[in-house]
Amino acid sequence: MRSDAAWPWLVHTLTTDRLRALLPETAPLAVDRAVLPNLRAVNFTVYGILGEGAASPGGAVAWKPG
């Protein structure tokens, strides 16, 4: 947040329930929320949202030109 005045709104509005409403694909997944007051930020970790991810064995797809 760019202002101290907006911080209370963010921290009280952007909850895990609100995140789930905005991103319905998170419904079956575990979500952690970290409040970072010194940064005036809220961080969410959504476990499994990327599946196995690009870093998993066989998960990365090599790009081949033309």
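The values are calculated or read from the model by the stated rules, or taken from the named source; none is laboratory data. Please read these numbers as outputs of a predicted model, since none were measured by experiment. Ideal geometry is used to build each Cβ from the backbone, glycine not excepted, and the neighbour counts take in all protein chains shown.
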Next on the checklist: Given the criteria in contact with a strand residue (DSSP E or B) (Cβ under 9 Å, 6 or more places away or on another chain), free of Cβ contacts under 8 Å to residues at least 24 places away in the same chain and in a helix (DSSP H, G or I), does ARG33 qualify?
Outcome noted: no
Item to check | Candidate set: segment 14-42, residues that are at pLDDT 95 or above and polar (S, T, N, Q); chosen: the one farthest from ARG2 (Cα to Cα) | outcome: THR16
